[in-house]
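As C-alpha cells, the structure follows; a few thoughts come after it.
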Amino acid sequence: MLSIYNTLTGKKESFQSLQPKTVRMYVCGVTVYDYCHIGHARSALVFDVMRRYLEFTGYQVVFVKNFTDVDDKIIKRANERGVSCDAITAEFIEAYYQDMGKLGIRRATNEPKATEHMAEIINLVSTLIQKGLAYPVDGDVYFQVEKYQPYGRLSKRKLEDLQAGARVEVDARKRHPMDFALWKSSKPGEPSWDSPWGPGRPGWHIECSAMSMKHLGETFDIHGGGMDLIFPHHENEIAQSCGATGKEFARYWVHNGFVQINQEKMSKSLGNFFTIREIFEKSNWPEAETGEMLRYFLLGTHYRSPLDFSDKSIEEAKNALNGFYDLFMRLKESEHRATADKGLIEAIERCKVAFRAAMDDDFNTPVAIAALQGMRSGVNKLLDQGLSSEARKIARNEFHALGKVLGLFQLEQWQFGQKPIGQTVGMENPSSPRSRVMEVSQPGPPLPLRAQQSTVPALTDEEIEGKRIERDEARKQKNFKKADEIRQFLASRGIAIEDKPDGTSRWKR
C-alpha cells in the first residue's frame, strides 16, 4: 500500500484518496518572468513521476499546476523591456513548455493562470473579510494571522517566534508584522483589476488557494511544491483556505528538496545557476539523449533529499544508461534457444515486486531504479545462457512498462556513446562553480552531423576488426574494464559494437 511523507504531520502516512480511485493533486507552478532552472526541473519531474505512478496503480489523476502570471518580478521585467506584462508571460510560458517537453514532463490536466481567476480571488478575499480574518486598509487587504489560531502548523513555527525574528518592513497599517497581503492596490503603470477595495491585483498566496479550490474543490488529496514554499507560501495558503471554508485544505503536503551545485546551494549570487535550456544548448548530445540523461540523474536521489548537480553525478547517470541500452540492443537479436526462459520470468517478477515496494514507500525512485538495474544484470546473464525470441520480447516490454513510470526507456533504436570530450556548461571563468559542472559526452552511433565532421582520422576496416577481436578476447577473460575501454574508443570513432549470444560480436559504422 502506498505511503507518503506528509509535511503537515511530519511522518509517512498510508495514502487514501477522498474519492475511490481518483486523486486530486495541486502543485505550485512557476512565476513566468524568466527561464526555468534545474531546480524547477527537479520539482516538475518529482510530481510528474508521482502522477505517473498513481496512474500506473490504477488511479485517475486530476492534476492541476498553475502559472503565476501577475507579480512584481513580471512587472519589473516588462518595464525593463518596454513591453506589456502579457508579452512577458506569453514568452516564458512557451519557454516553459519547450524546456519541460525536453525532459518528458507531461502537461497537467489543468494549468490555470492567476489573471484568469480574478473573480474567484476577489470572492475569496471578500469571504475572509466577512469572517473577520482579513481587513482592508487604503486599497490593500491583509490577512490577520492572529485570528487563525493554528497558524504555523505546517512549518512547525510559533507566531510569537516569527514576530520576534520577523524580517519584514515596518508597516504601521498592519495589525501584526506577519500579516500578509491578499490584495494590493495598484500603482501607476501596473496592471490592475477592479475590486470592492479599489483597483489592484492579488497577492501571491491567495492565487493558489482560489485556483486550487476552483478546479479541485475546497478539500483535495495532495498539495505539492518545493521545500522553499513551506513557509510562508504554503503556510499562508492553509491559513486563508481553512479560514475561509472551515474545512481541511489539502490532506497530504508533499515537498521536494533543493538542488545543490558541487555541494553548494544553487544561487545566482554564487554564479552556479543553471537554466534548463542552457544545459541542453551546451550539451554535445542530441536533445532526446540529454533529456533522458538528466531525467535519470534527477531520479537517482530521493525527492525529499538535497540533490547535488556535479560532473560525477552526471557521469554516473550516463554510464548507467549505457548499460541499459547495451542490453536493449542485445535483446533485439533473434535467438531460438530457450535455456533460461523460466529464469527470465522469475527475474521479471522479482523486479516488479521490488519496484512496486520502492515506489509505494514514498515514491522511492532510487530504490526503484536499483530494482531495474538488478533486472538488467540478471537478464544479461540469462542472455548468455540462451533466451528465446519470445522471452527477449517479454523482457523488452517489461523494461518499457516499468521505465514508463519513471519516463525512461521509451525510445526505439537507441544507443548511448561514452567518450567524454570535456565540453562544459559554465561561465567563461574556469574557476567558477559553474565551470566544474556538466561535462557531457560525445554521442555514439548513429552520430550527429557535428560528430561526423570530426577531424579525428577514420579507422580502417582492418583496424576496427582488430579492436573487435581484442575486445571479444577481453570479455572471454572477464576483463570487462578493458572491453569497455575498447568499446568507448570505437564509439568515439563512430563504430557501434553489437554483442551476440555466443560471446562474439559484430561492428558497424
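The values are calculated or read from the model by the stated rules, or taken from the named source; none is laboratory data. The shown structure was predicted, so the numbers you read here are calculated from the model rather than taken from an experiment. Cβ coordinates were reconstructed from backbone atoms using ideal geometry, including for glycine residues, and neighbour counts include every protein chain displayed.
Can you find even one residue in region 110-126 that is over 30 Å from Glu146 (Cβ atoms), surrounded by 21 or more Cβ atoms within 10 Å (Cβ to Cβ) and in contact (Cβ under 8 Å) with a residue 12 or more places away in the chain? Scanning region 110-126 turns up at least one residue that is over 30 Å from Glu146 (Cβ atoms), surrounded by 21 or more Cβ atoms within 10 Å (Cβ to Cβ) and in contact (Cβ under 8 Å) with a residue 12 or more places away in the chain.
Close Cβ contacts (under 6 Å, 6 or more residues apart or on different chains) running from residues in region 188-207 that are closer than 20 Å to Asp86 by Cα to residues that are modelled with pLDDT under 95 comprise Ser192/Ser186; Pro199/Ser186; Gly200/Ser186. For region 32-42, check the following and say yes or no: at least one residue is of a type in the set (Lys, Arg), more than 28 Å from Arg304 (Cα to Cα) and in the same structural domain as Gly203 (by TED's automatic domain parsing). No, region 32-42 contains no residue that is of a type in the set (Lys, Arg), more than 28 Å from Arg304 (Cα to Cα) and in the same structural domain as Gly203 (by TED's automatic domain parsing). The one condition from (1) modelled with pLDDT of 50 or more; (2) part of a loop (DSSP other than H, G, I, E, B) that Gly444 does not meet is (1). Annotation: of all residues in region 294-325 being small (Gly, Ala, Ser) and modelled with pLDDT of 95 or more, the one that is farthest from the chain's Cα centre (by Cα) is Ser305. Please tell me if His255 is of a type outside the set (Gly, Ala, Ser), more than 22 Å from Phe92 (Cβ to Cβ), at pLDDT 95 or above and touching a Lys or Arg at 6+ places or on another chain (Cβ under 9 Å). Yes, satisfied. Contact annotation: residue pairs with Cβ atoms under 6 Å, 6 or more positions apart or on different chains, pairing a residue in region 330-359 that is over 23 Å from Leu54 (Cβ atoms) with a partner that is among the hydroxyl-bearing types (Ser, Thr, Tyr), are Ser334/Ser389; Glu335/Ser389; Ala338/Ser388; Asp341/Ser388. If you filter region 405-433 down to residues that are outside any loop (DSSP other than H, G, I, E, B), in contact with a helix residue (DSSP H, G or I) (Cβ under 7 Å, 6 or more places away or on another chain) and not β-branched (Val, Ile, Thr), you find that the one that is modelled with the highest pLDDT is Leu406. Among the residues of region 267-287, are any touching a Gly at 6+ places or on another chain (Cβ under 7 Å) and of a type outside the set (S, T, N, Q)? No: zero hits.
When residues in region 282-300 are screened for being in contact with a strand residue (DSSP E or B) (Cβ under 9 Å, 6 or more places away or on another chain) and over 28 Å from Lys381 (Cβ atoms), 6 of them pass. Being in contact (Cβ under 8 Å) with a residue 40 or more places away in the chain and either among the hydroxyl-bearing types (Ser, Thr, Tyr) or under 30 Å from Pro286 (Cα atoms) (or both) is a description that does not apply to Lys156. Here Arg350 fulfils each of the conditions (1) out of contact with any Asp or Glu (no Cβ under 8 Å at 6 or more places or on another chain); (2) more than 22 Å from Val254 (Cα to Cα); (3) surrounded by 15 or more Cβ atoms within 10 Å (Cβ to Cβ) apart from (3).
For region 102-141, the set of residues classified as assigned to a helix (DSSP H, G or I) and either of a type in the set (Gly, Ala, Ser) or under 30 Å from Pro286 (Cα atoms) (or both) consists of Lys102, Ala114, Ala119, Ser126, listed by residue number.
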